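The values are calculated or read from the model by the stated rules, or taken from the named source; none is laboratory data. Please read these numbers as outputs of a predicted model, since none were measured by experiment. Methodologically, a virtual Cβ is constructed for each residue, glycine included, from the backbone with ideal geometry; neighbour enumeration extends over all protein chains shown. In case anyone asks, the SASA skips ligands and DNA or RNA and just uses the protein heavy atoms, side chains included. Shrake-Rupley method; radii C 1.70, N 1.55, O 1.52, S 1.80 Å.
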Amino acid sequence: MSFNTDKITGFKEGFLWGGAAAANQFEGAFDKDGKGLSVQDVTPNGGFGEITDGPTEDNMKLVGIDFYNRYKEDIKLFAEMGFKTFRTSIAWTRIFPNGDESEPNEAGLKFYDDLFDELNKHGIEPLITLSHYETPLHLSKEYDGWVNRKMIGFYENYVRTVFNRYKGKVKYWLTFNEINSVLHAPFMSGGISTSPEELSEKDLFQAVHHELVASALATKIGHEIMPEAEIGCMVLAMPTYPLTSNPDDVIAVMESERKNYFFSDVHVRGEYPGYMKRYFADNNIELDVTDEDLELLKNTVDFISFSYYMSSTDTADQSKKVKGEGNILGGVHNPYLEASEWGWQIDPKGLRIVLNDFWDRYQLPLFIVENGLGAKDELITDENGNKTVNDDYRIKYLNDHLVQVKEAVKDGVDVMGYTTWGCIDLVSASTAQLAKRYGFIYVDRHDDGSGSLDRYKKKSFNWYKEVIETNGESLKA
Ligand code: BG6
């Protein structure tokens with residue numbers, strides 16, 4: 001007996017190539033056809049910024065890129081690139097405008113029926129996030145978002161409704177976008193209206209617990225309603241490196257990584273890891289956890305999906321932690337890496353590290369559902385008179401990351417697919433700018449609200465088309 005020594009040389013057949021977006025960042029039509037307000041409609045400066053009393057004209061997300069009205073044209077372009085899948089979210093507030101109603105809004109349900117039909121017509125598999133930073137504003141104001149246990153019931157009602165409606169049309173589901181981000185952006189991610197300064201650690205982890213239970217409940221209900229469905233968790237992945245070989249730095253890194261691993265550990269293993277129970281005990285955090293909760297958590301996911309934009313670096317030496325020197329979630333500056341125009345440190349090898357680590361830890365299929373470069377693009381007219389963007393920097397970024405994905409695949413890691421973030425330009429989550437562009441398709445809209453909303457193919461459009469056509473063989477190592 002010997003094991004199969006055939007070398008894996010590339011992406012598997014049926015690899016799910018595609019792109020990703022989220023309802024609140026591109027649909028626009030923020031109050032059309034009965035839609036209610038979400039937390040996004042009151043954050044004109046992005047998820048970490050000021051919260052307004054109501055929607056304000058300067059909020060770019062209210063119009064987005066008008067995908068709500070132009071989705072057929074956009075899906076046609078996705079199909080032209082050869083997309084096998086397209087990830088978007090259902091805006092919870094189109095289905096339940098306030099979040100706590102018992103009856104859904106038919107016009108909202110109808111929109112997603114049409115959208116999923118359109119995708120399926122083009123042979124593009126919908127990959128659907130149930131909650132992508134889109135908590136109904138009413139649930140935030142009235143209940144303090146996920147701090148409140150009642151949220152589990154509201155979310156259950158919502159997911160049951162959409163599972164029943166879209167069974168047969170949608171096979172791949174994600175329960176919460178970047179579920180671990182609630183620790184860093186309680187309002188945007190968890191609809192928590194208590195300000196971060198006033199929010200206790202106990203309430204924050206109680207909100208986390210409610211989301212974890214709700215996620216497991218969605219997985220359970222989803223499997224009951226749609227036996228053929230595959231349901232995954234979605235985490236923000238950020239490998240962390242020690243600043244030095246000092247064991248204290250290595251321990252500091254282990255501890256900061258646990259704040260992320262905790263979420264995937266619960267989703268995959270169906271129970272809280274020992275290190276978190278210890279953390280709660282050491283910090284006198286007594287959570288309200290029922291026996292029923294613990295039973296529900298045992299409904300584990302079919303795959304792990306994640307976003308990857310950057311790695312992080314950490315140290316135990318507090319004097320080296322200069323604020324603003326690290327990446328979006330803090331940490332310290334890594335002198336070996338270049339950064340994007342928004343200060344996000346670019347690290348293709350970090351993606352391979354994430355893939356290998358997740359696989360070694362869980363042996364569950366992995367899906368990269370966000371990766372990309374936010375950059376300022378210049379629209380030019382080429383020699384044929386066509387408007388385009390020469391985005392070689394974006395091609396390089398994506399190529400280098402995909403080369404590392406291939407390395408992990410060669411190690412035997414089961415990667416299901418790859419969807420680039422913002423395959424068509426959309427509004428940024430952290431800064432609410434359209435100037436931070438990720439797309440293969442340029443959208444003529446600007447941060448002062450001007451622009452025709454016309455779409456133009458960037459140079460990366462044909463590059464990605466070829467990557468998909470060759471199943472990754474055209475990548476340059
Ligand atoms: C992820 C989010 O954190 O990063 C997306 O899931 C977001 O919603 C993406 O858009 C890129 O971040 P940003 O701030 O550049 O839009």
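Once R0 is set to 35 Å, what does the formula 1/(1 + (r/R0)^6) return for the Cβ-Cβ distance between Asp414 and Ser256, expressed as a FRET efficiency to the nearest 0.05? Show your work: numbers first, answer last.
Details: r = 27 Å, r/R0 = 0.77.
Efficiency for this residue pair is about 0.85.
Could you check the spin-label model distance between Thr470 and Asn4? Points 7 Å from the Cα along Cα→Cβ, value in nm.
With each label point 7 Å from Cα toward Cβ, the separation is 2.6 nm.
Counting only the heavy atoms of the protein chains, how much of Glu257 is accessible to a 1.4 Å probe, in Å² to the nearest 10?
40
Alpha carbon centre of region 61-91 versus region 344-412: separation in Å?
Cα centres, region 61-91 to region 344-412: 20 Å.
If you take every residue apart from Asn283 with its C-beta less than 9 Å away from the C-beta of Asn283, what net charge results, scoring Lys and Arg +1 and Asp and Glu -1?
Numbers: positive: Lys202; negative: Glu201, Asp282.
Counting the neighbours of Asn283, the net charge comes to -1.
Which percent of the accessible heavy-atom area of the chain goes to carbon and sulfur, probe 1.4 angstrom? Working shown, then result.
Working: 9250 of 19360 Å².
Whole-percent figure for carbon plus sulfur exposure: 48.
7 Å from Cα along Cα→Cβ at both Ile51 and Glu197: what's the point-to-point distance in nm?
Spacing of the two 7 Å Cα→Cβ label points: 1.4 nm.
Apply 1/(1 + (r/R0)^6) to the Cβ-Cβ distance of Glu106 and Glu228, taking R0 = 30 Å, and write down the FRET efficiency to the nearest 0.05. List each step's numbers first, then the result.
Working: r = 26 Å, r/R0 = 0.86.
Rounded to the nearest 0.05, the efficiency is 0.70.
For a Förster distance of 35 Å, can you work out the FRET efficiency between the beta-carbons of Ser340 and Asp317, rounded to the nearest 0.05?
Working: r = 26 Å, r/R0 = 0.76.
So, using R0 = 35 Å, E works out to roughly 0.85.
With every protein chain left in place, what is the accessible area per residue of region 222-362 in square angstrom, probe 1.4 Å?
Numbers: 7030 Å² over 141 residues.
Computed with neighbouring chains in place, this is 50 Å² per residue.
From the cross-link list Lys376/Lys476; Lys167/Lys465; Lys12/Lys76; Lys72/Lys169, which pairs have alpha carbons spaced over 27 Å apart?
Correct reply: Lys167/Lys465.
Taking 0.36 nm per residue of sequence separation and subtracting the Cα-Cα distance, how much length would be gained by fully extending the chain between Gln363 and Thr290, in nm to one decimal? Could the numbers behind the result be given before it?
Numbers: separation 73, 0.36 × 73 = 26.28 nm, distance 2.92 nm.
Between Gln363 and Thr290, full extension yields an extra 23.4 nm.
With the other protein chains left in place, how much accessible area per residue, in square angstrom, belongs to region 49-150 at a 1.4 angstrom probe?
Numbers: 3760 Å² over 102 residues.
Normalised by residue count, the accessible surface of region 49-150 is 37 Å².
For His122 and Glu13 in the same chain, what is the full-extension length gain: residue separation times 0.36 nm, less their Cα-Cα distance, in nm? Could the numbers behind the result be given before it?
Values: separation 109, 0.36 × 109 = 39.24 nm, distance 1.89 nm.
This chain segment gains 37.3 nm when fully extended.
Cut-off 17 Å, label point 7 angstrom out along Cα-to-Cβ of Leu453: give me the residues of region 61-98 whose amide nitrogen falls inside.
Under 17 Å, as judged by backbone N against the label point of Leu453, lie 61-77 of region 61-98.
Could you pull out every residue, at least 5 positions away or on a different chain, whose amide H is within less than 5 Å of the one on Glu370? Hs are placed 1.01 Å off N in the peptide plane, and Pro or chain starts have none.
Phe306, Tyr308, Thr419
Spin-label point model (7 Å from Cα, Cβ direction): what's the Asn283 to Glu156 distance in nm?
About 2.8 nm, to one decimal.
What is the set of long-range amide H partners of Arg87 at a cut-off below 5 Å, with H atoms built 1.01 Å from backbone N?
Gly19, Ala20, Ala21, Leu127
By average Cβ neighbour count within 10 Å, what is the ranking of 276-283, 84-91 from highest down?
On the way: 276-283: 12.9, 84-91: 25.1.
Peptide ranking by packing, descending: 84-91, 276-283.
Would you please give the residues with an amide H less than 5 Å from that of Tyr241, counting only those at least 5 places away or on a separate chain, with H modeled from the backbone geometry?
Ser312, Thr313, Asp314
Just order 363-372, 121-130 by mean Cβ neighbour count inside 10 Å, highest at the front, would you? Walk me through the intermediate numbers first.
Numbers: 363-372: 22.2, 121-130: 19.6.
Per-residue mean Cβ counts within 10 Å order the peptides as 363-372, 121-130.
What's the ranking of 96-105, 60-69 by average number of surrounding C-beta atoms within 10 Å, highest first? Could the numbers behind the result be given before it?
Numbers: 96-105: 17.0, 60-69: 21.8.
With the highest mean Cβ count within 10 Å placed first, the list reads 60-69, 96-105.
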